[in-house]
Amino acid sequence: VVVPLPDVRGREQILKVHMRKFPIDDDVRPMVIARGTPGFSGGDLAYLVNEAALFAARAHRRSVTGDEVE
């Protein structure tokens, strides 16, 4: 079974699901990230959010900001 990659709306929804696990700053907008990640799968997006959370933790921040996501 082949599952196609999500479109921009699908990527936005996937990001919202994975962002629920972490405190996210108000400057991080899932739609902006979704527009900048064409070709990403759901797993790629989950990895992106997890890596951003790790960068924030290494910087001793209480929430994930747009800098970590970039």
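Computed about its Cα centre, the charge dipole of the chain is approximately 220 debye, with only Lys, Arg, Asp and Glu carrying charge at their Cβ. Using the Karplus relation 6.51 cos²θ - 1.76 cosθ + 1.60 with θ = phi - 60°, the per-residue 3J(HN,Hα) values for region 33-42 come to 5, 4, 5, x, 10, x, x, 7, 8, x Hz, with x marking Gly and Pro.
Per residue, the accessible area of the chain comes to 69 Å² when a 1.4 Å probe rolls over the protein heavy atoms. For the chain, applying the loop criterion from DSSP together with a ceiling of 12 other beta carbons within 10 Å to the trypsin sites (Lys or Arg not before Pro) yields Arg20, Lys21, Arg62. Axis of helix 8-19 versus longest Cα principal axis of the chain: the two differ by about 40°, to the nearest ten degrees. To put it simply, the accessible area of region 25-70 at a 1.4 Å probe is 51 percent carbon and sulfur.
At full extension, Asp27 and Val2 could sit 5.5 nm farther apart than now, given 0.36 nm per residue minus the alpha carbon distance.
The values are calculated or read from the model by the stated rules, or taken from the named source; none is laboratory data. Everything numeric in this text was worked out from a predicted model, so none of it was measured. Here Cβ is always computed from backbone atoms with ideal geometry, including for glycine, and neighbour counts include all displayed protein chains. These area figures cover heavy atoms from the full protein model, side chains too; ligands, DNA and RNA do not enter into them. Shrake-Rupley method; radii C 1.70, N 1.55, O 1.52, S 1.80 Å.
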